[in-house]
Structures are given as structure tokens and as C-alpha cells.
Ligand SMILES: [Zn+2]
């Protein structure tokens, strides 16, 4: 199947400016780009499908860099365990379709609520049985007793969704279990979080030998490692251990920032800002009482996160878009809001934020040589957006502005 997209202005994620060009897609890939309007139509004969891109921007598909497809409108981690598995799988599959519909053609998972949900979704998407983004699947978060993901003290009948593994031996076994079940990304919680009473965000329950055992197994099998790390100590542990993608980093001190910068060609960071943003600034809308927000000291976390990412941007560290969407506070499908947050809070130019959401995301997916740009030979993950998102990235938040969502040459929406 060939598709000719005509009359659009192309933003290729390599240059700041859009340019007038027609784009021919053949099979899964971008075959030809011509700046001479109409030339491709003359050269190629009947291609089967013509898409009119008048008044639109043609750009690479978005990459969700901190994805939880199995977070199906939950209000806490602990709630996940109470969803019957049958309902949970279907709701997660619906999330996959929803995300693609909103322009995210790739998703990099930062944890699955159950061991095999991501894996099953990825396999079904790859087999053409389920409409969804290209997915790098994660397993559950690996954690230690009392750490984030093991919230038994708070809700005695609930366990959270982490896989608890204390000590290097148990950690190796847990990591190997994820490998056996077919995950791509291995996730570990190094720091705690504000809502875990015995493991706050600035505490670091995980020990070095546990982290090293985790990374050792991931390396043996060529898996990608991702970590939850809010405390400064947890960021340093993550860098030293060679974690591939370090999330949050809110409380990173100057030594931690230096370490991230020194290793910027090896690692990615992601703020997962959407949840923090909505908890602090929009909790009213979602019925979360102000006292709860205050008790969790969200203002301080927010300010720390903003300061950290302004600094990481300045230092040229690769920052991925993705905001912990899937909680009741962060409905799946609103993920593109994070791109605007990069502009509004972290000092990104609009084009720079789009670059994070496309090109940097493709790099995170492990596909930098064939994804994330509008370039001949690259995979045809393309969005046709009404208006100019390089001027106003908020256009991407409205699904109705997406005239076309194409993944690997197939038009889905
Ligand atoms: Zn997350």
C-alpha cells in the first residue's frame, strides 16, 4: 500500500522551520519527500491513497516516554490490585487504542500493573489483533519490603502492585522472572514517594547490592533498565549502576546533576510531570482535598522538579516526555499536555519540546536510526495536525486537530 500526502507543511524534527513538501509512504516506510509540489504525483502514477494536508503540519508520531497502559483511572497504586484481571486487561487494551488515537504512535512503558499485561498488549499489537502504539513492555515495579509498590501497612487488604524482592538473590530472581515473561523494560523503585509512609520521596529504601543484582540480570539479557528515583541519593545510585532511563530526579543535588550531565550520552531522564502538575494545580477538579496535597508536600516537590528540569535542559541531558498518565488525576489520552508543560515550566522552546516528544522518544525506544524523524527510509509514523504545533504545542491536546494518525504506513485514524 502506498500513500501520498500532499500540500502539507512538513516539520521533520531535524529543522526548526516547517517546509512545503509532499511525502510518499510505501509499505511501512517513508519512501520519498519532494519539495516540488505535485512532482511525486506525476512520477509515481496511481498510489492508491491520497491524503490532502492543506492547512496542516505533517510531523513524526509522538512517543509517550513514561507509559502505564494498565493504569486504568486508578486513584492510587494500591487500588490496582483490586481490579478483577479480566476487566483490567480489557481496560488496558482500551487505553492502548486511546493513546494511539491521540497521536502517540510509540509508548515506552514505565511499569505494568501486573506481570503480563504489557507483554500481552505488545504481542497483540504486533500481531495486528489490537490497535495501539508500538510498545516497549515493562513488568511490574521491583521494590523492597515497605518501599514504593509495597503499601501493605496503609491498606491491609491491598498490596500495591510491586514485586517485592529483598536482597540480591531475591532481586535476581524477580528480574529473571520478568525476563522469562517477556518484558522489554525492567523497572525498579530506588527511592520512595510522598504517599508511602515509611519510604518518602527523599528516602532511598533500596540498597546498592540489590540494584547491582537487578542491573546484572538486565545486562545479561540485553534488557533496558528504568528506575523510579526521586531522592538525590537514588539518582546517584542509578547513574553509578548504569540505569538507562532515570525517572523523576526531583531532589537531585548539584553532585547528582553533574553525574547526570557527565553520562548524558548513556542515559535518559523523564520528569513524569503530569501527575505532579495535576495533583498540585488541579486537585479540586478531581475531588482530591487540599489537605491531602498539603500533607504530601506537593508544592516543594513541584518546585524541586521544575528547578531540576530547567537545569537538566541547560546541561543537554536527554529528557523524555511522559507524565504518569492513567491515574484518575491524569486521564489516559491527555498525555500531550506534558509537551506544553515542558514549554511552560521547564523553559523549552515549542520546537524543542516537540523534539523531545518525537526524536528523543524514538531514541529511548531504541529506534533512533529509523524512527522519530520525517526522513526518507524512516518508519512512517506520521501525524497530520491542523494548524502549526511548532508555534502552539497545545494543538496536539485536541484529538479533533489530528486529521491523520499513521503508524508504520497504516492510517488508523
Ligand atoms: Zn510512573
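The values are calculated or read from the model by the stated rules, or taken from the named source; none is laboratory data. Since we're looking at a predicted model, the values are computed, not measured. Positions of Cβ are backbone-derived with ideal geometry, glycine not excepted, and every protein chain shown enters the neighbour counts.
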key: Some residue of segment 381-402 being touching a strand residue (DSSP E or B) at 6+ places or on another chain (Cβ under 8 Å), within 16 Å of the ligand (Cβ to nearest atom) and modelled with pLDDT of 95 or more   = no
- Task: Could you tell me whether any residue of segment 370-381 is in a helix (DSSP H, G or I) and more than 19 Å from the chain's Cα centre (by Cα)?
- Result: no
Selection over segment 240-260 where residues are farther than 14 Å from residue 305 by Cα and surrounded by 15 or more Cβ atoms within 10 Å (Cβ to Cβ) yields a count of 7
task = Take residue 270 and decide whether it is within 16 Å of the ligand (Cβ to nearest atom) and modelled with pLDDT of 95 or more.
result = yes
Over segment 318-329, the set of residues part of a loop (DSSP other than H, G, I, E, B) and farther than 27 Å from residue 258 by Cβ is 326, 328, 329
Selection from segment 211-234 of residues more than 16 Å from the ligand (Cβ to nearest atom), touching a strand residue (DSSP E or B) at 6+ places or on another chain (Cβ under 8 Å) and in a helix (DSSP H, G or I) yields 211, 214, 215, 217, 218
Screening 317, 293 for residues that are modelled with pLDDT of 95 or more, away from the ligand (no atom under 16 Å from the Cβ) and in contact with a helix residue (DSSP H, G or I) (Cβ under 7 Å, 6 or more places away or on another chain) leaves only 317
Being in the same structural domain as residue 101 (by TED's automatic domain parsing) and in contact with a helix residue (DSSP H, G or I) (Cβ under 7 Å, 6 or more places away or on another chain): is that true of residue 390 here?
no
Point to revise | Residue in segment 352-359 that is over 15 Å from the mean Cα position of the chain (by Cα), at pLDDT 95 or above and assigned to a helix (DSSP H, G or I) present | key: yes
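Quick check: is even one residue across segment 330-341 without any contact (Cβ under 8 Å) to a residue 40 or more places away in the chain, part of a helix (DSSP H, G or I) and either more than 20 Å from residue 201 (Cα to Cα) or more than 17 Å from the chain's Cα centre (by Cα) (or both)?
First pass over segment 330-341, keeping only residues without any contact (Cβ under 8 Å) to a residue 40 or more places away in the chain: none.
No, the conditions are met nowhere in segment 330-341.
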Taking segment 342-351 and the residues there that are surrounded by fewer than 21 Cβ atoms within 10 Å (Cβ to Cβ) and in a helix (DSSP H, G or I), the one that is nearest to the ligand (Cβ to nearest atom) would be 345
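Condition check ((1) farther than 24 Å from residue 319 by Cα; (2) surrounded by 22 or more Cβ atoms within 10 Å (Cβ to Cβ); (3) assigned by TED's automatic domain parsing to the domain that holds residue 183) across all residues:
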{"position": "47", "(1), (2), (3)": "yes, no, no"}
{"position": "73", "(1), (2), (3)": "yes, no, yes"}
{"position": "81", "(1), (2), (3)": "yes, no, yes"}
{"position": "107", "(1), (2), (3)": "no, yes, yes"}
{"position": "117", "(1), (2), (3)": "yes, yes, yes"}
{"position": "121", "(1), (2), (3)": "yes, yes, yes"}
Residue 288 passes all but one of the listed conditions (1) modelled with pLDDT of 95 or more; (2) in contact with a helix residue (DSSP H, G or I) (Cβ under 8 Å, 6 or more places away or on another chain); (3) away from the ligand (no atom under 16 Å from the Cβ); the exception is number (1)
Is segment 98-111 home to any residue that is closer than 23 Å to residue 143 by Cα, assigned to a loop (DSSP other than H, G, I, E, B), at pLDDT 95 or above and within 16 Å of the ligand (Cβ to nearest atom)?
yes
The condition of being in contact (Cβ under 8 Å) with a residue 40 or more places away in the chain and within 18 Å of residue 135 (Cβ to Cβ) holds, among 216, 212, 181, 202, only for 181
When every residue in segment 65-97 that is away from the ligand (no atom under 16 Å from the Cβ) and more than 21 Å from residue 124 (Cβ to Cβ) is compared, the one modelled with the highest pLDDT is 82
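Residue-wise test of (1) within 30 Å of residue 33 (Cα to Cα); (2) free of Cβ contacts under 8 Å to residues at least 60 places away in the same chain.
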site	(1), (2)
70	no, no
80	no, no
117	no, yes
121	no, yes
126	yes, yes
